[in-house]
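Note sheet for the following structure.
Readers should treat all values here as calculations from the given coordinates under stated rules, not as data from a laboratory. The structure presented is a predicted model; accordingly, all values stated were derived computationally and were not measured.
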Amino acid sequence: MDAALKRHPLLVTALAPVIPHLLGSAFNIWYNMTVVDPLLITAGLKQRFIDTVIVWNPIAYLAAITIWTYLILSLRPAFHRLRRGEKVPADELDRVRRRLVHLPWYGAAISGASWLLGAIAFLVSLAITGRPMNAQLFWHLPISFGISGFIATTQGFFVIEWATQWGLFPLFFQDARPDRLKGIRPISLRMRGFMWAVSASVCPIGSLLLLLFAPPSPGTNP
């Protein structure tokens, strides 16, 4: 992995969110199949759910991938010029450096917004059918997307940060320090430790509490 990061740091950074989102999607699929699906008992709701998956998922993934790809490609011109030892204009380099420092936050924003909008889209899609909905759907669908979003967003943030700091920072900050950029508020070591704690403990515990207090679904054991 280190060798690939050194040879293709932009590609590794671009692919950094993939595994966290695969994990989040895996939980989302499992929860929907075991908990949400048994609640879709009204005629037509199950088909509407499937139709929403077919329509929403490509739209959401395409939008998120497009925005993320744009952010990565915006670093490419300066990246190649720096690799060739060419000088990059100061204003352009400053702009690219800022974007690079903020890249984990951009990734988290894209991820969080996608999962949040997904929960809303599915609830609205089911509601506008006009068919009676089990009230538990308004609890379990947000849980499904919320926990999946926790997994994908928090882990994705740190993977992107790792990829940028180890693969791109040495090239973009050869004669400067990221924490010295004007207008940038870097994450302190204490704050990073706190965020790791939130990612590793608070989010999983919060997810377990949501599952614990969620009303039982016909697809779960009593």
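Data for the structure
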| read-out | value |
| --- | --- |
| Convex hull (Cα only) mean projected area of the range 24-100, reported in nm² to one decimal | 7.3 nm² |
| Segment V55-A127, length gained on full extension (0.36 nm per residue, minus Cα span) | 24.3 nm |
| Stretch gain in nm, segment L116-D175, where the contour uses 0.36 nm per residue and the Cα spacing is subtracted | 17.3 nm |
